[in-house]
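I have placed the structure first, in the form of structure tokens, so that the comments after it can refer back to it.
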Amino acid sequence: MSTYRLFLTACCTFFLCSCMATPEIHLKSADMSMELTQAAPLVRSVAFSPDMQFALSGSTNDTATLWDLTAATAVRTFSAPRGYMGDGLIVAFSKDGLYGMTGGKGLKIWDLSTGGEVRTIGNRRTMSIAVSPDKQSVLTGEWPSGVVSITHPYMSLWDMNTGRQIRGYEDSERSAVGTVAFSPDGRYALSGHRGGKMFLWDVASGNMINSVKADRDFLAPDINSVAFSPNGKYALSGGMDNTLRLWNIPSLILVKEFHGHTGTIGISSVAFSPDGKYALSGGWYDGFIKLWNLSTGAEIRSIKAHSSMIAVSSLAISPDGKFILSGGDASTRIWDFSTGEEVCTMISFKDGEWVVITANGYYNSSEKGDQYLSVTVGGKPYTISQLRESFYRPDIVKLALSGGSLKSYAKLSDIK
């Protein structure tokens, strides 16, 4: 490991171990601002449920929050140990939407209806989760704990119903795996590795089909995220060199590169739109979500989504292609895919309180969640209790999350 990598890892670990940040609240009114008076745990990973009713966000304080998007509420939290002191929980849903998963020290499967733990699979430092299209198995990408190496493969296939390991996938360099993905037909798997390589595997046999150097950062190459296109013919990769790359499957021949992200930690997350025409990328450090036209290579939109040292840590696109879900700093946010406008910000505090805020200032919260909000209108500070009657509006927040328009509703700056 290079001196640069050691220094960068130490800095990020120190920051993540602090586990807390105070995210910015983005509001449309220039005359009004809303701020948080309480820090919240950093968000490491996010996921949409297949039916889009729920979202999961995994944090660096050993908890994951289940958000009901139809009710604009935080339903419950799941507690699970991190794999290492600088990690956060990685989250995913089962394909039928009945279960949630958290990756930390091992992989835990949770019953969403009861909140109970179904089973724990292994005890490894899980950094990535991918569920098979047939709903029966799950891939995990793993890192060693700290600087100590381990003897087992860094990518494993598990039976979801029994917790049994079906297969381990071993590459000749035995490099840690930070990201994994299944092809839509379940035939192939992709893994992104420390050292900047990406591997394509035959899932059934465990054989490696192809490999390629997919990140060309000179000092610290790493692949942070990979994804298959909906038709399975292409793949995306994002790594430390801030370049989004499009690859042919199964040859892994480079088709196109997309440049635009900046910063020292690279691209955190990549995704295809459901129609396969567009790609999304999130910047660890620069905080931008970028939308790309895959046929022309043009950058269509750039959204300043999150801020802090660890900005956009994770993103996902809703199955219907209408919304973007992003995690970063200490917030989980939803964006309108077609316009790039923010729909809402969701924040879960360490004490279990939570708040969901729209870009118009309307909010829903737990019983004491809004105690952490302060508002300034026209330069004058207000307590949230002075505005609660007008802007504690769970019904309007639910309308926003369903895709409805809030243009006819008043803004905070209109309230005298």
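Each reported figure results from applying straightforward, stated rules to the coordinates on display, with no laboratory input. Note that the coordinates shown come from a computational prediction; the quantities given were computed from them, not determined experimentally. Here the Cβ is made from the backbone with ideal geometry for all residues, glycine too, and neighbour counts use every protein chain on show.
So here's what we get for this one:
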| quantity | calculated |
| --- | --- |
| Linear extension gain, ASP134 paired with ALA204, 0.36 nm per residue minus alpha-carbon span | 23.9 nm |
| DSSP H segments from the chain that extend 18 Å or more along their own axis, Cα-based, with Kyte-Doolittle mean of 0.5 or above | 3-18 |
| Two-decimal ratio, segment 3-355, of alpha-carbon radius of gyration to 2.2 N^0.38 Å | 0.91 |
| Length added when fully stretched, ASP351-VAL75, from 0.36 nm per residue minus Cα-Cα | 97.9 nm |
| Rough spin-label spacing in nm, given labels placed 7 Å along Cα→Cβ, for ARG164 and PHE218 | 5.1 nm |
| Estimated FRET transfer efficiency (ASP320, THR262; beta-carbon r; R0 25 Å; 0.05) | 0.20 |
| Segment TYR382-ASP31, length gained on full extension (0.36 nm per residue, minus Cα span) | 125.0 nm |
| Point-to-point label distance, GLU389-ASN293, nm (Cα→Cβ direction, 7 Å offset) | 5.2 nm |
| Helical mean residue ellipticity (222 nm; -39500 (n - 2.57) per DSSP H run of 4+; nearest 500) of the chain | -2500 deg cm²/dmol |
| The chain - charge dipole about Cα centre, Lys and Arg +1 at Cβ, Asp and Glu -1, debye rounded to 20 | 300 debye |
| Cα-based reach from LYS105 at 25 Å (exclusive), listing lysines while leaving out same-chain residues under 8 positions away | LYS95, LYS135, LYS197, LYS350 |
| Sorted by Cβ density within 10 Å, fewest first, the residues TYR362, TYR285, TYR169 | TYR285, TYR169, TYR362 |
